[in-house]
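Heads up, the thing below is written out as structure tokens.
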Amino acid sequence: YRKLAPFPKNFLWGSASAAYQIEGAYQEDGKGRSVWDEFVRIPGKTFKATNGDVAVDHYHRFEEDVALMAKAGLKAYRFSISWPRILPNGKGAINEAGLAFYNRLINELIAHDIEPIVTIYHWDLPQALQDEYGGWESRQIIEDFTNYAGLLFERFGDRVQHWVTLNEQNVFITHGYLTAEHPPAVTDAKRTYQANHMANLANASAIKLFHEKGYQGGIGPSFAYSPTYALNADPANQIAADNAEQLNADLWLDVYAWGRYPKLVMTYLKQNGLAPEITAADRDLLANPLAHPDFMGLNYYQTMTVTTNPLEGGVGLTKQNTSGKKGTSQASGLPGVYKTADNPFMQQTDWDWNIDPEGLRIALRRIESRYGLPVLITENGLGAYDTLAADGQINDDYRIAFLKAHVKAIQEAITDGVTVIGYTTWSFTDLLSWTNGYQKRYGFVYIDRDETDEKELKRYPKDSFYWYQRVIKSNGEII
Ligand code: BG6
């Protein structure tokens, strides 16, 4: 038994969302098209061909949503800005109506004592930049992303204290260029690491600008981190786990924090003809301390367990299943590197994601030990089927149990010595789960719509809403 340290007084209890998943209004008030506006129209890409044209209509109902946030007692709300709403062509002409929407949202949050945490990029790249030069694969993205970020700093920097540059670069790059689950739906490992390098440079360049201009507050990327376990104490499996950790985590985190690629991963990529081309100027930018984050954003959902994978005939990548049904765990991996395995200690969500609160503590401890950066937990939550009862109640005890265990894990990590700034759960309201439609719900607030029927988009607080309200009120003392 040990006494747990309390949550810091100014701990940012919050919730999160992303523009495409909630806003709707996809072609209103001068907004340009994003790559997701196009991608969802390709048959077979999303569950029941669902799109975010209307989403949960947050664009028109943000006041109602912010009032609910205030009722829950949120201290912070993380949301993303839609790049094509601000710059319909990705660059050049500014759409003032788009900026005005986010101005109203930010002011509304502040008026309710909720700190706005702004994600600059949550996957909705302007289609115009994809068409013009191939989006993330071109060096031109660095300048355009930096200018876009600079515009947001200029307009909102007086009121925003925490900025997230790129949401889950590891996900949008690998899903976009390796497994084709996201736009631009490419399957090419060489192009994956090249586009990833451009994203690293864009991220570094925007952070450097923020620091050079001396804006208040802090900035950092959000990383989707799934710590890896070896299936057992077989040393060969330990090597496999280390391989996975370096390839799936260090490859991004080392670059963010230290501005250099991990040597073992680069050796592997070079041996396989997959290494990105890195110029001397690129190295200088990445290594510049001004280009390094003030905090690490952590999106945590689950851990991964691995074993060895034979080089000849080994298991390769598998794609996400968008059939909408509970999937069956399928092994995936890289021949000669690692292969995923079922962990006998885990239970799974309705979508076969491992439920592992201790994994969050592990992720927090690793980031602290390796990089010594404060951590802002920018996402964590449970995607599940919820049922709206006839009396308007949503009994989501399973979500409460999930979140409770994760809050406990954060407190354990804080007690271990990790600096955690805040916790913005995924998500505040239900929203569009990119490829899984509206049936995979994450929110504290149920939204009455499904894939085929928007209904009235009525909001209903779930049981977890009232649970979180108590947690926040007691600053994590009562979970
Ligand atoms: C993260 C994303 O990858 O996980 C969110 O940043 C996303 O945008 C969340 O919704 C949950 O993933 P999914 O596929 O269950 O919606």
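Let me test this: with uniform point scatterers at the alpha carbons of the chain, what is the Debye-based log₁₀ I(q)/I(0) at q = 0.10, 0.11 1/Å?
Log10 of I(q)/I(0), two decimals: -0.72, -0.89.
Which GluC sites (Glu not before Pro) does region 449-479 hold that lie in a coil by DSSP with at most 10 other beta carbons within 10 Å?
Answer by residue number: Glu456.
For region 50-126, count all C-alpha to C-alpha pairs, find those more than 16 Å apart, and express that count as a whole percent of the total.
The share of Cα pairs beyond 16 Å in region 50-126 comes to 55 percent.
Find the Rg to Rh ratio for region 321-479, where Rh is the Kirkwood radius over alpha-carbon pairs and Rg uses the same atoms.
Values: Rg = 17.4 Å, Rh = 17.4 Å.
With Rg and the Kirkwood Rh in hand, the quotient comes to 1.00.
Just need the relative contact order of region 170-238 here, percent rounded to a whole number, with Cα pairs under 8 Å and 6+ apart.
Working: 48 pairs, mean separation 13.4, N = 69.
That works out to 19 percent.
Collect residues whose amide H, placed 1.01 Å from N in the peptide plane, falls under 5 Å from the amide H of Ile421; neighbours closer than 5 in sequence don't count.
Correct list: Val375, Leu376, Ile377.
Where does each of Val186, Val315 land when they are ordered by accessible area, with a 1.4 Å probe and the largest first?
Values: Val186 20, Val315 45 Å².
Listed by decreasing accessible area, they come as Val315, Val186.
Enumerate the calculated ³J(HN,Hα) couplings along region 231-243 in order (Karplus 6.51 cos²θ - 1.76 cosθ + 1.60, θ = phi - 60°), each rounded to whole Hz, writing x wherever the residue is Gly or Pro.
Calculated HN-Hα couplings, in order: 4, 7, 7, 4, x, 5, 6, 5, 5, 4, 5, 5, 4 Hz.
Report the rotationally averaged projected area of region 360-417 based on its alpha-carbon convex hull, in square nanometres. Write out the running numbers ahead of the final one.
Numbers: hull surface 18.9 nm².
Average projection, Cα convex hull of region 360-417: 4.7 nm².
So for region 179-301, what percent of the C-alpha to C-alpha distances run longer than 20 Å? Walk me through the numbers before you get to the answer.
On the way: 3853 of 7503 pairs.
Pairs farther apart than 20 Å: 51 percent.
Expressed in nm to one decimal, what extension gain is obtained for the pair Lys190 and Glu143 from 0.36 nm per residue of sequence separation less their Cα-Cα distance?
On the way: separation 47, 0.36 × 47 = 16.92 nm, distance 2.27 nm.
Full extension of this stretch gives 14.7 nm more.
Work out how much length Asp350 to Gln27 would gain on full extension: take 0.36 nm times their residue separation and subtract the Cα-Cα distance, in nm to one decimal. Intermediate values should be presented prior to the final figure.
Values: separation 323, 0.36 × 323 = 116.28 nm, distance 3.34 nm.
This chain segment gains 112.9 nm when fully extended.
Considering the dipole of region 107-238 built from charges on the beta carbon (Lys and Arg +1, Asp and Glu -1) around the Cα centre, which of Asn107, Ser138, His122 is farthest to its positive end?
Going by the Cα projections, it comes out as Ser138.
Where in region 332-352 does the label zone of Thr318 land, with the point 7 angstrom along Cα→C-beta and an amide N cut-off under 13 Å?
Residues 332-334, 339-343, 352 fall inside that zone.
How big is the convex hull of the Cα atoms of region 202-266, per residue, in Å³? Working shown, then result.
Values: hull volume 6.0 nm³, N = 65.
Output value, Cα hull per residue: 93 Å³.
Size of the dipole of the chain about the Cα centre, Lys and Arg at +1 and Asp and Glu at -1 on the beta carbon, nothing else charged, in debye to 20?
Details: 46 positive and 58 negative charges, 172 e Å.
For the chain, the charge dipole is close to 820 debye.
Go ahead and run the numbers for FRET between Lys9 and Ala180, Cβ-Cβ distance against an R0 of 56 Å, rounding to 0.05. Write out the running numbers ahead of the final one.
On the way: r = 46 Å, r/R0 = 0.83.
Efficiency, rounded to the nearest 0.05: 0.75.
Residue by residue, what Karplus-based ³J(HN,Hα) values in Hz, rounded to whole numbers, does region 421-435 have, using 6.51, -1.76 and 1.60 with θ = phi - 60° and x for Gly and Pro?
After applying 6.51 cos²θ - 1.76 cosθ + 1.60, I find 7, x, 9, 10, 5, 9, 9, 7, 9, 4, 7, 6, 8, 3, 9 Hz.
Which value, in debye to the nearest 20, gives the size of the charge dipole of region 376-479 about its Cα centre, when Lys and Arg are +1 and Asp and Glu are -1 at the Cβ?
So the magnitude is around 260 debye.
Averaged across orientations, what area in nm² does the convex hull of the alpha carbons in region 129-213 project? Provide the component values of the computation, followed by the final result.
Numbers: hull surface 22.3 nm².
Averaged projected hull area, Cα only: 5.6 nm².
What is the diffusion coefficient of region 415-479 in µm²/s, taking the Kirkwood radius over Cα pairs and the Stokes-Einstein relation at 10 °C with a viscosity of 1.306 mPa s? The partial results should precede the final answer.
Numbers: Rh = 13.7 Å.
Translational diffusion coefficient: 116 µm²/s.
Can you give the helix-only mean residue ellipticity at 222 nm for the chain, where every DSSP H stretch with n ≥ 4 adds -39500 (n - 2.57) and the sum goes over all residues, rounded to the nearest 500 deg cm²/dmol? Before the final figure, lay out each step's value.
Values: 16 runs with 183 residues, N = 479.
About -11500 deg cm²/dmol.
How large is the charge dipole for region 67-196, taken about the Cα centre, if only the Cβ atoms of Lys, Arg (+1) and Asp, Glu (-1) carry charge, to the nearest 20 debye? If you can, show how the numbers build up before the last one.
Working: 11 positive and 15 negative charges, 51 e Å.
The calculated dipole for region 67-196 is roughly 240 debye.
To the nearest 0.05, how large is the calculated FRET efficiency for Asn272 and Arg2 if R₀ is 51 Å and r is the Cβ-Cβ distance?
Step by step, r from the Cβ atoms, then E = 0.65.
Using Cα positions and a limit of under 17 Å, work out the lysines in reach of Lys190, with same-chain residues fewer than 8 apart set aside.
Lys270
Residue by residue through region 17-26, what is 3J(HN,Hα) from phi via Karplus (6.51 cos²θ - 1.76 cosθ + 1.60, θ = phi - 60°)? Round to whole Hz and write x for glycine and proline.
Calculated HN-Hα couplings, in order: 7, 9, 3, 4, 7, 10, 5, x, 6, 6 Hz.
Treating region 73-228 as a set of equal point scatterers at the Cα positions, no solvent, please give the Debye-formula log₁₀ I(q)/I(0) at q = 0.11, 0.15 Å⁻¹.
Taking Cα atoms of region 73-228 as identical point scatterers yields -0.43, -0.79.
What number comes out for the charge environment of Arg399, summing +1 per Lys or Arg and -1 per Asp or Glu over other residues with Cβ under 13 Å away? Could the numbers behind the result be given before it?
Values: positive: Lys404, Lys440, Arg441, Lys462; negative: Asp350, Asp386, Asp396, Asp397, Asp430, Asp463.
Surrounding charge for Arg399 is -2.
Only bridges with both residues in region 297-415 count here: give the DSSP antiparallel percent, nearest 5.
Antiparallel bridges make up about 65 percent of those DSSP assigns within region 297-415.
Can you list, largest first and rounded to whole Å, the semi-axes you get for region 34-86 by taking the square root of 5 times each eigenvalue of its Cα gyration tensor? Please report the intermediate quantities before stating the final value.
Values: eigenvalues 156, 35, 20 Å².
Gyration-tensor ellipsoid for region 34-86: 28, 13, 10 Å.
Taking a probe of 1.4 angstrom, what is the accessible area of Trp353 in Å², to the nearest 10?
For Trp353, the solvent-accessible surface is approximately 80 Å².
Once you have the Cα-Cα distance between Ala100 and Leu311, take 0.36 nm times their residue separation minus that, and quote the gain in nm to one decimal. Walk me through the numbers on the way to the answer.
Details: separation 211, 0.36 × 211 = 75.96 nm, distance 5.45 nm.
Stretched out fully, the Ala100 to Leu311 stretch lengthens by 70.5 nm.
Modelled label-to-label distance, Thr452 and Leu388, 7 Å Cα→beta-carbon offset: nm?
Each label point is offset 7 Å from its Cα along the Cβ direction, giving 1.7 nm.
Determine by what factor the alpha-carbon radius of gyration of region 1-134 differs from 2.2 N^0.38 Å, reporting the quotient.
Numbers: Rg = 17.2 Å, N = 134, 2.2 N^0.38 = 14.1 Å.
Normalised by 2.2 N^0.38 Å, the Cα Rg of region 1-134 equals 1.22.
What FRET efficiency, computed as 1/(1 + (r/R0)^6) with R0 = 22 Å and r the Cβ-Cβ distance, is obtained for Tyr466 and Tyr398, rounded to the nearest 0.05? Don't skip to the answer; put the middle values down first.
Values: r = 15 Å, r/R0 = 0.70.
Approximately 0.90, to the nearest 0.05.
The values are calculated or read from the model by the stated rules, or taken from the named source; none is laboratory data. What you are looking at is a predicted structure, and each value in this text was computed from that prediction instead of being measured. Here the Cβ is made from the backbone with ideal geometry for all residues, glycine too, and neighbour counts use every protein chain on show. In case anyone asks, the SASA skips ligands and DNA or RNA and just uses the protein heavy atoms, side chains included. Shrake-Rupley method; radii C 1.70, N 1.55, O 1.52, S 1.80 Å.
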